[in-house]
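Participant: Right, I'll just put the structure down here and ask away after.
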Amino acid sequence: MAAFIVLEVLLNVALNVGVVQAIMRRGTDRIVLGWERAWWLWPVGRLHLRDFTLTKQDPDLWWKVEVEALSANISLTALLSNHVDVQGIDGHGASFQLEPSSAPEEPPSAPGTRPWEIELVDVTLHEVRVLDFSRVRFAGALDVTGTLHLTSRERLLVDLPSVRVAQGFLEVDGKKVARLETLTARALLDAPFRDGEGYDLSQAIGGQAQAKVELFPLDWVNEQLGASAPVSLRGGAGRLDLDVRMQKSELEAGSRLDAQGSELDLRAGPMRARAPWTLQASMEPERPEEPSGRMEVTFAPVRVSGPGGKGVEVPEVALSVLARRRPGGRGFDLEPDLRVAKSQPLDLRVINPWLEKTLEIDSGHATVQSEERPKGAKARGALRLRMDTDLVSGSMGKNKVLLRAEVEVDARHLSTDLTELGLAGTTLRLSKVSSNGPVPIRAWSGVFSLPRASLSLSPTVLSARFSSQLTDTQPLVALLTTSKGLPSFLTSLLNIREVEVTGQVRIDERGLQVRELKAKGQGFSLEGHLDLVRGDMTGALLTTIGAVTGGVELRPGHHDLHLVDARKWFEGQPAPPFR
């Protein structure tokens, strides 16, 4: 009896002075177990631990589990064979923390070394108060039951048949972004170890989670974007119902998401858009020729306003995406579809402050809508947005201008990095263009394609490379002429049809700049650069008509013609860089 008492005392002393932790530390790779106090009435009682911690350092991640109070049945004999066998774990007041980390690769085990196994069976954790994934954090109280089986450098198996949250909060960088009203889940993680790669999660996750969430206003996103970002969000609070089902790390049929929110206020540079929103997504059972998943986000109605507060209302903007599983079952092919209901007419005078009198609009309206399709027709990859104007009246300097414009944006090429909007693939069509300048323009039309284009938001700057097909040279004649008399060698410009023009353009609040301007027609070529600011034009052009080449110096109020050594003169007029 005395010997048993001595053994019991020695065991409890070893538990409390770090002997057991030291043995475990030497035997397991980067796994550290610790506790502040422990007691165990061996062999019939349960092991009791206070302030228990389990820490693991992987090459890319560091994680830590803390439990305020824990009791369990543990096998001492299993420890002799590199096996941690713990049964019936009951813990209270737990937390989990995970952070990115960097550590050298673990050296390979010596030949013949038996890997350690950690087996936790029948685990129940009450009041898990914190799940901290570095920048994303859950704070509340959840209950978890499950098992864990870890074979060092071979396999990690976590089976959680029950995860329940009565209430809790989700935080991003310390800001509360949502409240979990309810959450029930079951999860399975079965990850093999790959040499040089760690535990492979590519097909390791399965389970189901159902949740009801209150979404807080999206103002917190602005801190993620940074103080200098030209885009900001306000409002948009709402609710979300979620049912996610996964197998082998892929979404399964029956998964769905339904969310809706109050008015979201988006500011981008001088523009502002406000709209309530809804989001629906689902995964469908596999059927031949049918999509595997659907998602649709809708804003309705959308109110857009400019710098002066004037704006327009679009009844509905909706983006839907069909997902079709790829052959072989890995990944999806996505088919987006953009629908924009025809907007109310927008008074184009709203953009006059940006144009800074380079073109001053006196009257004219525009409408925006997506590509029209026959009623009932299925849309696949339809992502074209159109803006059409009625007859626009304005002035460029002293000249009056009339025109109609049609802009077509291929949204498949839209891109954004929060500082600018990519508009590659945009097409601009001008028609019924007329002007009362020294050489009048009558009923002219042209098509401009923008293979590369971007719109910076703050300040507002449009930059583009363009190529165009013009019906004739009327605009070029007007450009080169400041009086009714046209230089003799340029008179044949009046008869040139079908001209191709390319170049780069930049439009900002200070005016229009054109660089690398080149034009070609039958027996005609032109190259040069020009700036147009508040109706005043500056620049240099080199024009060849037939066998004659001349240089045109563009200056406010008049243009000078250089026919002697025209190319030499032109080469001495380098284009200034874009502002």
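Participant: Consider LEU450 carefully, then state whether it is open to solvent by less than 70 Å² (accessible area, probe 1.4 Å) and modelled with pLDDT under 90.
Facilitator: no
Participant: Yes or no: ALA464 open to solvent by less than 40 Å² (accessible area, probe 1.4 Å), small (Gly, Ala, Ser) and under 21 Å from PHE448 (Cα atoms)?
Facilitator: Spelling it out, ALA464 is indeed open to solvent by less than 40 Å² (accessible area, probe 1.4 Å), small (Gly, Ala, Ser) and under 21 Å from PHE448 (Cα atoms).
Participant: Hey, SER228 hits all of (1) modelled with pLDDT under 90; (2) of a type in the set (Ser, Thr, Tyr); (3) under 30 Å from ARG325 (Cα atoms) but one; which does it fall short on?
Facilitator: Answer for SER228: the failing condition is (3).
Participant: Next question, about the same structure. Give the residues of the stretch 133-159 that are at pLDDT below 90, loosely packed, with under 15 Cβ neighbours inside 10 Å and in a strand (DSSP E or B), sorted by residue number.
Facilitator: Scanning the stretch 133-159 gives a single hit, PHE133.
Participant: Now a separate question. Would it be correct to say that PRO327 is part of a loop (DSSP other than H, G, I, E, B) and open to solvent by less than 30 Å² (accessible area, probe 1.4 Å)?
Facilitator: For PRO327, the condition - part of a loop (DSSP other than H, G, I, E, B) and open to solvent by less than 30 Å² (accessible area, probe 1.4 Å) - is not met.
Participant: Could you grab me the full set of residues in the stretch 27-68 that are modelled with pLDDT under 75 and among the hydroxyl-bearing types (Ser, Thr, Tyr)?
Facilitator: Across the stretch 27-68, the qualifying residue is only THR28.
Participant: Out of the stretch 162-204, which residues are of a type outside the set (Asp, Glu), farther than 15 Å from GLY140 by Cβ and open to solvent by 70 Å² or more (accessible area, probe 1.4 Å)?
Facilitator: Of everything in the stretch 162-204, those that are of a type outside the set (Asp, Glu), farther than 15 Å from GLY140 by Cβ and open to solvent by 70 Å² or more (accessible area, probe 1.4 Å) turn out to be LYS175, ARG186, LEU188, ARG194, LEU201, GLN203.
Participant: I've got another one for you. When the residues of the stretch 103-129 are filtered to those that are at pLDDT 65 or above and assigned to a loop (DSSP other than H, G, I, E, B), which remaining residue is least open to solvent (accessible area, probe 1.4 Å)? Break it down into steps so the answer makes sense when it comes.
Facilitator: Start the filter on the stretch 103-129 by keeping residues that are at pLDDT 65 or above, which leaves 114-129.
Those left that are additionally assigned to a loop (DSSP other than H, G, I, E, B): 114-116.
Values: ARG114: 136, PRO115: 44, TRP116: 22 Å².
Across the stretch 103-129, the extreme among qualifying residues is TRP116.
Participant: Taking ALA259, is it aliphatic (A, V, I, L, M), over 30 Å from SER454 (Cβ atoms) and not in a strand (DSSP E or B)?
Facilitator: For ALA259, the condition - aliphatic (A, V, I, L, M), over 30 Å from SER454 (Cβ atoms) and not in a strand (DSSP E or B) - is not met.
Participant: Suppose the filter is within 24 Å of GLU371 (Cα to Cα), open to solvent by 50 Å² or more (accessible area, probe 1.4 Å), in contact with a Ser or Thr (Cβ under 7 Å, 6 or more places away or on another chain) and free of Cβ contacts under 8 Å to residues at least 24 places away in the same chain; does THR278 pass it?
Facilitator: Taking the combined requirement at face value, the residue satisfies it.
Participant: Still on this model: Taking the stretch 160-216, which residues are within 19 Å of LEU120 (Cβ to Cβ) and not in a strand (DSSP E or B)?
Facilitator: ALA204
Participant: Consider only pairs whose beta carbons are under 6 Å apart and that are at least six residues apart or on different chains; among these, list those whose first residue lies in the stretch 451-479 and is in a helix (DSSP H, G or I) and whose second residue is aliphatic (A, V, I, L, M).
Facilitator: GLN474/ILE441; VAL477/VAL439; VAL477/LEU493; ALA478/VAL439; ALA478/ILE441
Participant: Spot the failing condition for ASP258; the list is (1) surrounded by fewer than 17 Cβ atoms within 10 Å (Cβ to Cβ); (2) within 22 Å of PHE138 (Cα to Cα); (3) within 20 Å of the chain's Cα centre (by Cα); (4) not hydrophobic (A, V, I, L, M, F, W, C), and only one is missed.
Facilitator: (3)
Participant: To continue, here is another question. Quick one: what pairs do we get from the stretch 424-445, first residue closer than 25 Å to VAL409 by Cα, second charged (D, E, K, R) and open to solvent by less than 50 Å² (accessible area, probe 1.4 Å), C-beta under 6 Å, 6+ apart or different chains?
Facilitator: Correct list of pairs: GLY425/ASP410; THR427/GLU408; ARG429/GLU406.
Participant: Given the conditions (1) at positive phi; (2) open to solvent by less than 30 Å² (accessible area, probe 1.4 Å); (3) modelled with pLDDT under 85, report the number of the one that LEU493 does not fulfil.
Facilitator: (1)
Participant: Collect the residues in the stretch 223-236 that are among the small types (Gly, Ala, Ser) and under 13 Å from ARG274 (Cα atoms), keeping them in residue-number order.
Facilitator: Narrowing the stretch 223-236 to residues among the small types (Gly, Ala, Ser): 226-229, 232, 235-236.
Residues satisfying the conditions are SER232, GLY235, GLY236.
Participant: Moving on to the next point. If you scan the stretch 219-238, which residues turn out to be assigned to a loop (DSSP other than H, G, I, E, B) and either in contact (Cβ under 8 Å) with a residue 60 or more places away in the chain or out of contact with any helix residue (DSSP H, G or I) (no Cβ under 9 Å at 6 or more places or on another chain) (or both)?
Facilitator: Just the residues of the stretch 219-238 that are assigned to a loop (DSSP other than H, G, I, E, B), to begin with: 226-230, 236-237.
Answer for the stretch 219-238, where residues must be assigned to a loop (DSSP other than H, G, I, E, B) and either in contact (Cβ under 8 Å) with a residue 60 or more places away in the chain or out of contact with any helix residue (DSSP H, G or I) (no Cβ under 9 Å at 6 or more places or on another chain) (or both): GLY226, ALA227, SER228, ALA229, PRO230.
Participant: Same structure, new question: Can you pull out every residue in the stretch 244-254 that is surrounded by fewer than 16 Cβ atoms within 10 Å (Cβ to Cβ) and either on the phi > 0 side of the Ramachandran plot or modelled with pLDDT of 95 or more (or both)?
Facilitator: LYS248, SER249, GLY254
The values are calculated or read from the model by the stated rules, or taken from the named source; none is laboratory data. These numbers come from a predicted model, not from an experiment. Reconstructed Cβ throughout: ideal geometry from the backbone, glycine too, with neighbour counts over all protein chains shown. All accessible areas refer to the heavy atoms of the entire protein, side chains included, with ligands and DNA or RNA removed. Shrake-Rupley method; radii C 1.70, N 1.55, O 1.52, S 1.80 Å.
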